[in-house]
Amino acid sequence: MNVREILKIKKYCSKKRIKFYLSNYYKIAVKLGLDGVYIPSFNKDFRHLSYSNKRSFLILGSAHNIKEMRIKEIQNVNSIFISSIFKKNKNFLGIYKFIKLKKLTKRKVIALGGISKSNQKKLNLISIDGFSGISYFEQKKGP
């Protein structure tokens, strides 16, 4: 994706009042005046800490274990996506491990991984700051 495409998306998001976070490109996100940046779990870089940004600029990060969560805290993220709570993949935590991991940070925690309308009620049992899930927002096709 080039800068022109990013600016086009920024304009669209601004018009629709949607926040726009760029994944893994901190310097570009700041330079283009985006709402924030998302730092994936594999990114363990700390260079962005030397840059300044607007107070409203948010840094989001993801983690699958305590080590990655501590790195995200050092990277000064505002919120941590912890996964996977429901989706049984290589990063599967389940509810109980998710709760244990969540209790080890003071950052805002967003649940991620296999969240759908059918398991949404389980999220009400744990204290989270938000959730994100492709399956939750996908529309079913056909009757």
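Taking a ≥ b ≥ c as the square roots of the eigenvalues of the alpha-carbon gyration tensor, the chain is classed oblate because a/c is 1.5 or more while a/b is no larger than b/c. Looking at the P(r) of segment 39-81, how many percent of alpha-carbon pairs lie beyond 13 Å? Of all Cα-Cα distances in segment 39-81, 47 percent exceed 13 Å.
Residue ranges 28-41, 94-107 sort as 28-41, 94-107 when ordered by packing (mean number of other C-beta atoms within 10 Å per residue, highest first).
Rounded to whole numbers, the Karplus 3J(HN,Hα) couplings from phi for segment 41-57 are 4, 6, 7, 10, 7, 10, 4, 4, 5, 8, 8, 9, 8, 5, 4, 7, 5 Hz, using 6.51 cos²θ - 1.76 cosθ + 1.60 with θ = phi - 60°, and x at Gly and Pro. For the listed peptides 72-80, 84-92, a ranking on the average number of other beta carbons within 10 Å per residue, highest first, reads 72-80, 84-92. Using C-alpha pairs under 8 Å with a sequence gap of at least 6, the mean separation divided by the residue count of the chain gives a relative contact order of 14 percent.
Taken together, the values in this text are just the output of simple stated rules run on the coordinates, not laboratory data. All values reported here derive from a predicted model rather than from experimental measurement. Note: ideal-geometry Cβ built from the backbone for every residue, glycine included; neighbour counts use all protein chains shown.
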